[in-house]
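Reviewing the structure listed below.
Read the figures in this text as sums done on the coordinates, not as results from a lab. Everything numeric in this text was worked out from a predicted model, so none of it was measured. No Cβ is skipped: glycine too gets one built from the backbone with ideal geometry, and neighbour counts run over all protein chains shown.
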């Protein structure tokens, strides 16, 4: 009996020591990050306010803390805190919004005293138990969670698909870069929570991005710019020239906008059979040696970066071919309605009380989380369209600031601008240039066909004086904020 009791005590002490060691490690590796940033009102883009959020960071290297890129755009101050200690000013040393990852550091050596770095798991576990680690009200909190699966789906700040870790938990307030850990390894950082499912950026994807930084020339995420569909109908495959058992997926569209890779070798109606030696089934999946069946989109970020070469075996016109596909870099401006605008004030231009703005998802999000349903239909529908070299982006008349000059038009808003004075309008710079060429003393604004109002006519001789009057009346500091102009516009715009 004495021996049995001693054995129990030894076991209990061992468990307690292991738990203490586990808690000490993560207490020294997890920190709180406070971000102060400028936040803009896209319905009144000349207005701004200060916003402040707190999130979690995990020390993973020599003076390097990993966190999500979410809420770091337009930051003015970043601070770090260890537990309940003092706050230290920090700097963002690297950020990739599409990957939703950032590295934060601190120049003060005192901050790093008593801290420890942890390793990322090279292979992210796809089943079993894990823990969420976070600081909450000065207390380090540990909660057990269940690993659900690894899947390939849309990232939080991007329009491309990448590997995501899904976990089951009823915890509240998750999605602020909390550390997802298993033992002494970081297996992911949380990015969002929906109902009972936590979505996290897996360690394997994080390591791919960090490896991209090692040579000092970060290339960023690459992606497949073509659109494909499943090929479950054997008659369709046979019609396109495939023999034997059904396999592969069918390319139905190749990107044609101004940022698409110039030498993209894929063609509509190609049947993709293999990518980098991985066979693609009719569902668009391949068998990953680490994670099982995954969507083929993962092969664009699996140990790859923008500019890397991917070998694609396909059937074209009944013949098997192998092409070298260069992964283009993902960019928000690839889409005709940009998903995000980062580290930049909202663009706008006021002309005679008419407020012009680029159409973007941040503008549509002014209608709330359900903006797809609540925003003006024509503007929301435009997000489904594809950018082309002729029409890479949209400009809208967002509102009219009432003035005797524009009387009769004061209720007009949310219209897509097509032309000004007969010249095509794709950007605000186009409006600035077209404004210099009035037609018979008038500015003629044409809107996209199908809108209720198709044309506005304004006196060109009064417009500059009216603009000054409107700015003064409504307390607006300046009549415009324009981003860097496109080549060929700089010289003309410099005169304005």
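Observations, loosely collected:
- In the stretch 154-201, Rg over Rh equals 0.97, where Rg is the alpha-carbon radius of gyration and Rh the Kirkwood radius from pairwise Cα distances.
- Projected-area average for the stretch 42-181 over all orientations - Cα convex hull basis, square nanometres: 10.3 nm²
- Here the relative contact order of the chain, from alpha carbon pairs under 8 Å that lie six or more residues apart, stands at 10 percent.
- The stretch 77-151: proportion of alpha-carbon pairs further apart than 18 angstrom, %: 61 percent
- Residue 479 versus residue 168: modelled label distance in nm, points set 7 Å from Cα along the beta carbon direction: 6.2 nm
- Sites residue 311 and residue 215 - FRET efficiency at Förster radius 22 Å, r taken between beta-carbons, to 0.05: 0.45
- Averaging the Cα positions of each part gives two centres, and for the stretch 263-278 and the stretch 145-196 these lie 31 Å apart.
- In this structure, residue 197 and residue 465 have a Cβ-Cβ separation that, at R0 = 51 Å, corresponds to a calculated FRET efficiency of about 0.35.
- The Kirkwood radius of the stretch 133-179, taken over pairs of alpha-carbon atoms, gives through the Stokes-Einstein law at 10 °C and 1.306 mPa s a diffusion coefficient of 127 µm² s⁻¹.
- Whole-number D in µm² s⁻¹ for the stretch 21-112, Kirkwood Cα-pair radius fed into Stokes-Einstein, 10 °C, 1.306 mPa s: 113 µm²/s
- Reduced Cα scattering model of the stretch 246-400, Debye log10 I(q)/I(0), q = 0.08, 0.16, 0.21 Å⁻¹: -0.34, -0.99, -1.28
- Between residue 411 and residue 329, the modelled label-to-label distance comes to 4.8 nm, taking each label 7 Å out from Cα in the direction of the beta carbon.
- Computed lengthening from residue 137 to residue 245, 0.36 nm per intervening residue step minus Cα-Cα distance: 32.9 nm
- Potential lengthening between residue 51 and residue 159 on full extension [0.36 nm per residue; Cα-Cα distance subtracted]: 36.3 nm
- Kirkwood-based shape ratio for the stretch 335-493, expressed as Rg/Rh from alpha carbons: 0.94
- Estimated Rh, the stretch 226-326: Kirkwood, alpha-carbon pairs, angstrom: 13.9 Å
- Antiparallel DSSP beta bridges within the stretch 119-213, as percent of all bridges there, nearest 5: 95 percent
- Remark: 427, 67, 197 ranked as 197, 427, 67, counting other beta-carbon atoms within 10 Å and listing the fewest first.
- Kirkwood-based shape ratio for the stretch 119-213, expressed as Rg/Rh from alpha carbons: 0.95
- Ratio of the Cα radius of gyration of the chain to 2.2 N^0.38 Å, where N counts its residues: 1.17
- With the convex hull drawn over the C-alpha atoms of the stretch 348-402, the volume per residue is 92 Å³.
- Inter-label distance for residue 455 and residue 388, nm, one decimal - labels placed 7 Å from Cα along Cα-to-Cβ: 2.3 nm
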